[in-house]
Amino acid sequence: MPCGPRPFGRAASRGRYGSGLSMTKDYKSTIFLPKTDFPMKAELPKREPAMLARWKQQDLNGQIRSSSKGRPKFVLHDGPPYANGNLHIGHALNKILKDVVSRSQQMLGKDSVYVPGWDCHGLPIEWKIEERYRAAGKDKDAVPILEFRRECREFAQHWIGVQSEEFQRLGVMGDWANPYTTMSFDAEAQIAREISKFAVNGGLYRGARPVLWSVVEKTALADAEVEYHDHVSTTIFVRFPIIKSKFDDLVGASAVIWTTTPWTIPGNRAIAYGEEFDYQLLDVRSVAEGSLIEPGARLLVAQSLSEEVKSALKIEQAVSVWSRKGAELAGTVASHPFRGQDKVYDFDVPLLPAAHVTLEAGTGLVHTAPGHGVEDFEVGIAYGLALPDTVDEDGIFLKNVGMDSLIGRRVLTADGKVGDADRAVVSVLKDVGKLAAQGKLNHSYPHSWRSKAPLIFRNTAQWFISMETNGLRAKALKAIEGTRFVPATGRNRLHSMVESRPDWCISRQRAWGVPIAVFVDRRTGKLLCDQAVFDRIAEAFEKEGGDCWFSSEPARFLGPDHDPANFEQVKDIVEVWFEAGSTHSFVLEKRADLKWPASLYLEGSDQHRGWFQAALLEACGTRDRAPFEAVLTHGFVLDEQGRKMSKSDGNVVAPQEVTDKNGAEILRLWVVASDYGDDLRIGPGILKHQIDLYRRLRNTLRYLLGNLASFSEEERLPYAEMPELERWILHRLAELDGVVRQAIHDFDFNALFTALHTFCAVDLSAFYFDVRKDSLYCDRPDALARRAVRTILDQLFSCLTAWLAPVMCFTAEEAWLSRHGEQAPSVHLRQFPEIPAAWRDDALAAKWKKVRALRRVVTGALELERENKRIGSSLQAATTVYATDDYVEAMRGLDLAEIAITSGATLVAGAAPAGAFTLEDLAGVGVVPAPADGSKCQRCWRVLPDVGSVAGHEDICGRCADAVGPSQVAAE
RNA sequence: GGGCUCGUAGCUCAGCGGUAGAGCGGGCUGUUUAUAACAGUCAGGUCGCGGGUUCGAAUCCCGCCGGGCCUACCA
């Protein structure tokens, strides 16, 4: 629509104003004001969805993929979010950061393919479905497993759809048409294959282990599924008769233990002591009313706890009759308090040293039940203690606790309330005279994160991946050394976890997941490792999904070589971390558009323990190396005060609300304006800040567009013909190009964004644009100076739209299309411009540093003039600047008036006269301002002596008269 | 309880042994030819607190306080 460059003002041809309306000529219409359709008002909530629709319609991602064929691949492998609800701000941070990384790598010249994924299996979804059943009055256990799994699948599918839309709304680009999920049949098949690899290589084994167990959900819980809440427990002191010791004094005395879980007494197999602690034997002389202790009893306790114990046991007077270090207790043996009640208690209860014993509470002698605690278990392993099963999956005492008064009692009820087992145990203890005291304790206790019910430690059969078989731990530690961590502290964090972690428990007694599809030989107890069987299983999963494990006869998988009667089909499912840890195998390896290992895994810092570790172990166990080349972590999102967000505190920022109200671009800016390595803050004030930053960038682009209207190639000026100021801008672009590339390499988008924003605000808006406004608006279009500026603006536009595109993906595109037309290829199909090395000119930069320092003194002097009402616009002033030789040298060949935007200027070498304006921190420059000589040009507003010197143009200066031309304006 | 980590102007961040920095925001002013835009200018910090090392510490060490992530245990 606009006219091309013409030697004379386009406004002249428009005749917007008729002649004769005014005595003053309309010079405004003869200058070249910015002209653009790119609106100042962003209206992001409206424009962004339209842009997304446009990209979708043109299949932008597909276009980028096909135009990037053959370039080196960059694969950011998506850590799958859990498909069970709307996105929160943490999701937004994570996906936006991924998008910025992926887009910036793409524009760096890579083929950056991003395939989003979802984590679909697991307890939270299962629980949602069960909740529906409960609401409908249905019994979850009565529902066939395949029907249950189908509902879980549909639930996950629904939320995948919702989250996909929400992620895309944020501007996240990727293969949304073909995402991966952990519940697709091919994924389920590959997960089964991965498990079979561990079976074949010997890493997978079935072991017994006490695990935190929920009797409500009837499952072992992963650590991540446990939370701690206050809980009131029954506490008891119990006497264990000592039957053997190298100290005669001890035989016949009682070792006293304290526990908060009376129901674990039947599982007791040892008593732990601290080798360094002092223990003493108390001879009880007198007791208070209600004490369960008889005078004359002798009790073994830790010395430093004896007062507390005496008080708890209501002992009035007792005398220490023996005292030794704990280490001396080695070899001491007690009997179980229930001995004599049933023959199952005829075993010895040894006193054993253990590091976990403390003197903070209790008696300094710790009840040790290997099936009911991790540390107890470890003591048990170390000393070969029995590992009895005392409760079933409902938390009910089994037959092997021996006594009718105990068998069938419940630790917890089906809905998670305290059951009758504690009471029954206490009652028996009391009957046999071994109860020393009883009380209540309110303490922090593990609970299920979902049902909120208390958990118990229960001995169970579980499947493990050994950290030592095949040297898995060593391999993983080595792989960590070969991985790049951003920030670097991630390496230590992962390393220390892998170094100290126990074997990986991968089994769950649940329904919604991938089966641990293996058989155990009933005759030998060994895993069946027949590749033909594993292949049949995987093939079936590939076609029908994991469901077929539950719906088919074992013979289908066992084939002709194995008799189903001889094999137990394992019905456990694999924990979801194993699935997530296997994504590399069914996404990176299987898809031709990706590569293995991934270039980058990028998640919140909590995933050191979660996904990073699971993926590392899974890949090291099956492929001897990490599935990633680099790991990047970000912090957590907090509110404006640095506090955790919570619904009850009302400080939650929902990404959907920000997007609807301010636009996704604002969230994207927030991500890059923050230091994601640390925790990030967000709130109304911080969002306002981002909006301000956005405005500046948008207006910079808008100003470029306005002043580039109808720019044509003929106008372009070669570098050699550029004035110094223009060459300085090119130098800055070369500098920024380095900053941008380095920042992208470092994943330091804050540095990138800060540099770009400061450049736009300080170098362009406050300086270059301001100085060059006169030339842009008033010079004739064919003037070399103006052509130089427009050439630079074109270059700036090219660079800024590219550099901003990975972050401001909407606005960069909007500006790009505004310039090049709706039919132009997308800005996102571009690469970062190649900046000629010759643009870099450090000597010029040093020179202009001085020039701008000198300019600061001038603007300071003018501000004083303005304050004293001697001038308004700087163009009303002319200055005489006295400066030392170095400044004079820096100004050689430059027009001081032009640079300082005054109407006149004189530069004098030498000291400033008294009264000249100076700046404290800038010795050597003094400024004497004065009113400019001449009259104001009505066109360019400079005050010049040659105003009116051209006939027919009495109101304007010579330059403007030339620009306007001899006749046009006069004709109007 | 342990490990890791953070605490610099109202906000977002640089600085990481040598006299406290930037951008934004704020106040004031100008411009009205980027105009719900732009420019100039000014004011803001005892670098969480307390010790120590050093000629010198925001920067190194120790302790504390406060935030965050992970983890353990509470027998």
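The values are calculated or read from the model by the stated rules, or taken from the named source; none is laboratory data. All values reported here derive from a predicted model rather than from experimental measurement. Every residue, glycine among them, receives a Cβ derived from its backbone with ideal geometry; neighbour counts consider all protein chains shown. Each accessible area value is taken on the protein alone, full model and side chains, heavy atoms only, with ligands, DNA and RNA left out. Shrake-Rupley method; radii C 1.70, N 1.55, O 1.52, S 1.80 Å.
Return the loop-located GluC sites (Glu not before Pro) in segment A:781-875 (DSSP other than H, G, I, E, B) with at most 13 other Cβ atoms within 10 Å of their own Cβ; answer none if there are none.
Loop-located and lightly packed - A:Glu822, A:Glu834.
Mind listing the long-range amide H neighbours of A:Arg285? Cut-off is under 5 Å, sequence gap 5 or more, other chains count too, H placed in the peptide plane at 1.01 Å from N.
Distant-sequence amide H within range of A:Arg285: A:Gly296, A:Gln317, A:Ala318, A:Val319.
If one takes the longest principal axis of the Cα atoms in chain A, at what angle in degrees, from 0 to 90 and to the nearest 10, does the Cα axis of helix A:784-804 lie?
The two axes meet at around 10 degrees.
As a test question: what accessible area, to the nearest 10 Å², does A:Asp782 have when a 1.4 Å probe is rolled over all protein chains in place?
Per-residue accessible area (A:Asp782): approximately 80 Å².
At 1.4 Å probe size, what's the solvent-accessible area of A:Ser323? Round to the nearest 10 Å².
60 Å²
Under 26 Å Cα to Cα from A:Lys25, which lysines show up? Leave out anything in the same chain fewer than 8 places away.
A:Lys35, A:Lys773, A:Lys936
What accessible area per residue, rounded to a whole number of Å², is obtained for segment A:423-543 using a probe radius of 1.4 Å?
Values: 5270 Å² over 121 residues.
Accessible surface, normalised per residue, equals 44 Å².
Net charge near A:Pro560, counting Lys/Arg +1 and Asp/Glu -1 over other residues with Cβ under 13 Å of its Cβ? Please report the intermediate quantities before stating the final value.
Numbers: positive: A:Arg536, A:Arg556; negative: A:Asp530, A:Asp561, A:Asp563.
That works out to -1.
Order A:Asp692, A:Asp59 by their accessible area, 1.4 angstrom probe, all chains in place, largest first. Before the final figure, lay out the partial values.
On the way: A:Asp692 65, A:Asp59 85 Å².
Output order, biggest surface exposure first: A:Asp59, A:Asp692.
Going toward the positive end of the dipole of chain A, with +1 on Lys and Arg Cβ and -1 on Asp and Glu Cβ, which of A:Leu638, A:Ala386, A:Gly326 do you reach last?
Working it through, the farthest residue towards the positive pole turns out to be A:Leu638.
Put +1 on the Cβ of every Lys and Arg and -1 on every Asp and Glu Cβ in segment A:856-971; which of A:Ile899, A:Gly872, A:Ala916 then has its Cα farthest towards the positive end of the dipole?
A:Gly872
May I ask you to list the GluC sites (Glu not before Pro) in segment A:292-385 that are in a DSSP loop and have at most 16 other Cβ atoms within 10 Å of their Cβ?
Details: sites: A:Glu307, A:Glu308, A:Glu316, A:Glu328, A:Glu360, A:Glu375, A:Glu378; in loops: A:Glu360.
Answer by residue number: A:Glu360.
Given the whole protein assembly as supplied and a 1.4 Å probe, what does the accessible area of A:Thr884 come to in Å², nearest 10?
That residue has around 60 Å² of solvent-accessible surface.
Net charge within 15 Å of A:Leu793 by Cβ-Cβ distance, Lys/Arg positive one each and Asp/Glu negative one each, not counting A:Leu793 itself? Let's see the in-between values first.
On the way: positive: A:Lys35, A:Arg702, A:Arg716, A:Arg727, A:Arg732, A:Arg772, A:Lys773, A:Arg786, A:Arg787, A:Arg790, A:Arg819; negative: A:Glu713, A:Glu715, A:Glu726, A:Asp763, A:Asp770, A:Asp774, A:Asp779, A:Asp794.
Net local charge, A:Leu793 excluded: +3.
Can you give the FRET efficiency for A:Leu398 and A:Ser311, using 1/(1 + (r/R0)^6), R0 = 41 Å, r = Cβ-Cβ distance, to the nearest 0.05?
Values: r = 37 Å, r/R0 = 0.89.
My answer for the efficiency is 0.65.
Around A:Phe485, which amide H atoms from residues at least 5 apart in sequence, or from another chain, sit under 5 Å from its own amide H, with H modelled in the peptide plane?
A:Val631
Roughly what would the spin-label model give for A:His745 and A:Arg523, points 7 Å off Cα along C-beta, in nm?
For the pair A:His745/A:Arg523, the computed spacing is 6.4 nm.
Out of all Cα-Cα pairs in chain A, roughly what percent, to the nearest whole number, are more than 42 Å apart?
On the way: 260856 of 471906 pairs.
Value for chain A: 55 percent of Cα pairs lie more than 42 Å apart.
Can you tell me how much longer the chain between A:Thr754 and A:Tyr228 gets when fully stretched, taken as 0.36 nm per residue apart minus their C-alpha distance, in nm with one decimal? Before the final figure, lay out the partial values.
Working: separation 526, 0.36 × 526 = 189.36 nm, distance 4.20 nm.
Working it through step by step, the gained length comes to 185.2 nm.
Using alpha-carbon positions, what is the distance between the centroids of segment A:761-816 and segment A:144-211, in Å?
Between the Cα centre of segment A:761-816 and that of segment A:144-211, the gap is 49 Å.
Please work out how much length the chain gains when fully extended from A:His820 to A:Ser323, using 0.36 nm per residue of separation minus the C-alpha to C-alpha distance, in nm with one decimal. Don't jump to the answer; show the numbers that get you there.
Details: separation 497, 0.36 × 497 = 178.92 nm, distance 9.19 nm.
Full extension of this stretch gives 169.7 nm more.
Quick one: which residues, 5+ away or cross-chain, put their amide H under 5 Å from the amide H of A:Phe457? H built at 1.01 Å from N.
Distant-sequence amide H within range of A:Phe457: A:Trp213.
Summing +1 for each Lys or Arg and -1 for each Asp or Glu, what net charge is found among the other residues whose Cβ lies under 12 Å from the Cβ of A:Trp463? Each step should come with its number before you reach the end.
Working: positive: A:Arg206, A:Arg209, A:Arg508, A:Lys571; negative: A:Asp503, A:Asp572, A:Glu575.
Neighbour charge sum, excluding A:Trp463 itself: +1.
State to the nearest 20 debye the size of the charge dipole of chain A about its Cα centre, where the only charges are +1 on K and R beta carbons and -1 on D and E beta carbons.
Working: 117 positive and 129 negative charges, 374 e Å.
About 1800 debye.
Indicate the gyration tensor shape class of segment A:568-694 (rounded, prolate or oblate), computed on the Cα atoms with a ≥ b ≥ c the square roots of the eigenvalues: a/c under 1.5 is rounded; otherwise a/b larger than b/c is prolate and the rest oblate. Walk me through the intermediate numbers first.
Details: a/c = 2.64, a/b = 1.98, b/c = 1.33.
Prolate shape, in that a/c is at least 1.5 and a/b is the bigger ratio.
Rounded to the nearest 0.05, what FRET efficiency do A:Glu468 and A:Val908 give with R0 = 60 Å and r taken as the Cβ-Cβ distance? Could you check?
E(calc), rounded to 0.05, equals 0.10.
Given N residues in segment A:223-457, what is its alpha carbon radius of gyration divided by 2.2 N^0.38 Å? Before the final figure, lay out the partial values.
On the way: Rg = 17.2 Å, N = 235, 2.2 N^0.38 = 17.5 Å.
Scaled against compact globular proteins, the figure is 0.98.
Mind pulling the angle between the C-alpha long axis of helix A:684-707 and the longest principal axis of chain A? Nearest 10 degrees, somewhere in 0 to 90.
With both axes taken from Cα atoms, the answer is about 30 degrees.
Using 7 Å Cα-to-Cβ label points, what is the A:Asp59/A:Arg866 separation (nm, one decimal)?
Reported label-point gap for A:Asp59 and A:Arg866 is 5.6 nm.
Please say if segment A:836-972 is rounded, prolate or oblate, where rounded means a/c under 1.5 for a ≥ b ≥ c the square roots of the C-alpha gyration tensor eigenvalues, and otherwise the choice is prolate for a/b larger than b/c and oblate otherwise?
Details: a/c = 2.69, a/b = 1.49, b/c = 1.81.
Oblate is the answer for segment A:836-972, as a/c is 1.5 or above yet b/c matches or exceeds a/b.
Of A:Lys98/A:Lys128; A:Lys128/A:Lys452; A:Lys73/A:Lys590, which sit over 18 Å apart, Cα to Cα? The partial results should precede the final answer.
Values: A:Lys98/A:Lys128 29 Å; A:Lys128/A:Lys452 14 Å; A:Lys73/A:Lys590 15 Å.
Exceeds cut-off: A:Lys98/A:Lys128.
Label points 7 Å out from Cα along the Cβ direction at A:Lys440 and A:Ala951: separation in nm?
Placing both labels 7 Å beyond Cα along the Cβ direction yields 11.2 nm.
Could you please state, rounded to a whole Å, how far the C-alpha centre of segment A:31-67 is from the C-alpha centre of segment A:878-952?
About 44 Å separates the Cα centre of segment A:31-67 from the one of segment A:878-952.
Helix A:749-758 versus the longest principal axis of chain A: what angle, 0 to 90°, nearest 10, using Cα atoms?
20 degrees
Taking a virtual spin label 7 Å from the Cα of A:Glu834 along the C-beta vector, which residues in segment A:88-125 bring their backbone nitrogen under 15 Å of it?
Taking a point 7 Å out along Cα→Cβ of A:Glu834, the residues of segment A:88-125 whose backbone N falls under 15 Å are A:108-110.
For segment A:228-299 and segment A:400-451, write down the distance between their C-alpha centroids in whole Å.
The two parts, judged by their Cα centres, are 18 Å apart.
Where both partners of a DSSP beta bridge lie in segment A:554-693, what percent of those bridges are antiparallel, to the nearest 5? Please report the intermediate quantities before stating the final value.
Values: 1 of 8 bridges.
Close to 10 percent.
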